[in-house]
Amino acid sequence: MSPAPRRRSVLLATAAVTAAATAPAGAATPVRHRASGPLVIGHRGAAGWRPEHTADAYTYAVRAGADWIEPDLVPTKDHVLVVRHENEIGGTTDVAGRPEFADRRTTRTVDGRAVTGWFTEDFHLRELRTLRTVERLPLVRNRNTVFDGRGRVMTFQEVIDLARRLSGESGRRIAVFPETKHPTYFRSIGLPLEEELIRVIRRNRLTARECVVQSFEPSSLHRIAAARLGLPFWQALGTSGSPYGHAVTYRDMMSPAGLREIASYAQWIGPDKSSLVPPHTLLADAHAAGLKVGAYTFRAENQYLPAAHRRGTAPNDFGDAFAEYAFHYGQGVDAVVTDFPDIAVQAREGLRR
């Protein structure tokens with residue numbers, strides 16, 4: 001089959017759910033049940049279709065059938081948790097074009113790496129409220145730039161409130177899946193994430209069905225676990241190196257002994273999807289240790305797909321994303337973290353049938 005029809009088939013397969021997800025509240029027919037099979041987690045909402053970490057992105061994800069939505073947590077100067085992919089916001093907001101904040105541009109060393117830009121920890125919440133969100137990958141997802149300027153930076157509390165409202169709308173329990181970003185760095189500058197996250201969780205009385213906490217840094221999960229919140233934890237895993245500030249390597253953490261250690265404090269691991277492809281035995285080893293496995297990050301563009309599933313040569317054209325989901329679902333993964341939850345849900349429906 002030629003590349004063009006393949007690409008159209010992916011787009012056409014998502015057309016119905018796309019229309020429902022983008023319709024105004026009350027006019028859409030949202031997904032009202034979850035099929036049996038792996039959980040679908042909206043990565044920063046539905047980052048493939050809307051600028052990430054915006055109300056539009058989270059709403060799209062849930063109406064498309066996502067079971068959880070993922071907010072990345074970073075603090076403001078006045079220690080309010082907001083949701084951004086990174087604390088540097090030059091690429092996700094219009095701050096670079098705001099002359100009143102020109103003097104906030106600086107260079108900071110975050111997790112041992114020098115980063116130049118504008119940082120949430122240099123802004124009070126009231127100042128961040130004046131910024132507007134933009135697409136983080138405009139060269140990859142040019143279609144999303146039409147929504148630039150339409151959203152604003154959300155607090156974690158606002159994401160919780162939205163998840164509860166969308167739970168009522170959809171008739172499904174939508175969980176929030178917060179990640180502590182750069183927790184060692186923020187602790188070093190007097191803005192620890194864990195204490196504030198614990199306060200928000202307690203204030204909202206979040207249950208194990210409503211919240212799962214993730215981090216790449218085990219020490220961050222241990223700090224939160226000490227509060228005895230009764231919530232599940234998800235140990236995120238990189239493909240190389242170590243969690244920042246930790247001697248143990250990701251490779252060691254993914255060994256049978258390392259997985260048993262993770263199982264002493266977490267219920268999930270979250271590896272890169274490439275770590276689950278044979279000859280890797282991580283999926284079976286994790287299940288043997290009593291852990292569930294959620295793989296990240298699934299996308300539809302050719303450049304993010306295995307070579308066998310690409311269609312044509314344009315890196316930003318859609319490839320055969322359904323084939324990649326089918327492979328991982330068939331292997332027995334327990335969840336997928338995806339920029340395109342609508343495609344993931346339809347692939348899951350296909351598995352059920």
Residues within segment 312-332 that are buried (at least 23 other Cβ atoms within 10 Å of the Cβ) and either of a type in the set (Gly, Ala, Ser) or in a loop (DSSP other than H, G, I, E, B) (or both), tallied: 2
Checking Ala46 against (1) farther than 14 Å from Arg152 by Cα; (2) touching a Ser or Thr at 6+ places or on another chain (Cβ under 8 Å), which single condition isn't satisfied? (2)
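Among the residues of segment 99-107, is any over 20 Å from the mean Cα position of the chain (by Cα) and of a type in the set (A, V, I, L, M, F, W, C)?
Restricting attention to segment 99-107, the residues satisfying the condition of being over 20 Å from the mean Cα position of the chain (by Cα) are 99-107.
Within this subset, residues satisfying the condition of being of a type in the set (A, V, I, L, M, F, W, C) are 101-102.
Checked against the condition, which is being over 20 Å from the mean Cα position of the chain (by Cα) and of a type in the set (A, V, I, L, M, F, W, C), segment 99-107 yields at least one hit.
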Total residues in segment 278-298, condition in contact (Cβ under 8 Å) with a residue 24 or more places away in the chain, surrounded by fewer than 20 Cβ atoms within 10 Å (Cβ to Cβ) and β-branched (Val, Ile, Thr): 1
Enumerate the pairs (first residue in segment 262-277 and more than 17 Å from Ile224 (Cβ to Cβ); second residue anywhere and aromatic (Phe, Trp, Tyr) and open to solvent by 20 Å² or more (accessible area, probe 1.4 Å)) with beta-carbon separation below 8 Å, excluding pairs fewer than 6 apart on the same chain, so at least 6 apart or on different chains. Pro271/Tyr296; Asp272/Tyr296; Lys273/Tyr296
Every residue from segment 299-308 that is closer than 18 Å to Thr338 by Cα and open to solvent by 40 Å² or more (accessible area, probe 1.4 Å): Arg299, Gln303, Tyr304, Pro306
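Matching residues to (1) open to solvent by 60 Å² or more (accessible area, probe 1.4 Å); (2) assigned to a helix (DSSP H, G or I); (3) closer than 30 Å to Arg202 by Cβ; (4) of a type in the set (D, E, K, R):
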position: Arg223; (1), (2), (3), (4): yes, yes, yes, yes
position: Gln235; (1), (2), (3), (4): no, no, yes, no
position: Pro243; (1), (2), (3), (4): no, no, yes, no
position: Arg251; (1), (2), (3), (4): yes, yes, no, yes
position: Glu261; (1), (2), (3), (4): yes, yes, yes, yes
position: Ser264; (1), (2), (3), (4): yes, no, yes, no
position: Ile269; (1), (2), (3), (4): no, no, yes, no
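The values are calculated or read from the model by the stated rules, or taken from the named source; none is laboratory data. All figures in this text were calculated on a predicted structure; none of them were measured in a lab. Positions of Cβ are backbone-derived with ideal geometry, glycine not excepted, and every protein chain shown enters the neighbour counts. Please note that ligands, DNA and RNA were not included when accessible areas were found on the heavy atoms of the full protein model with its side chains. Shrake-Rupley method; radii C 1.70, N 1.55, O 1.52, S 1.80 Å.
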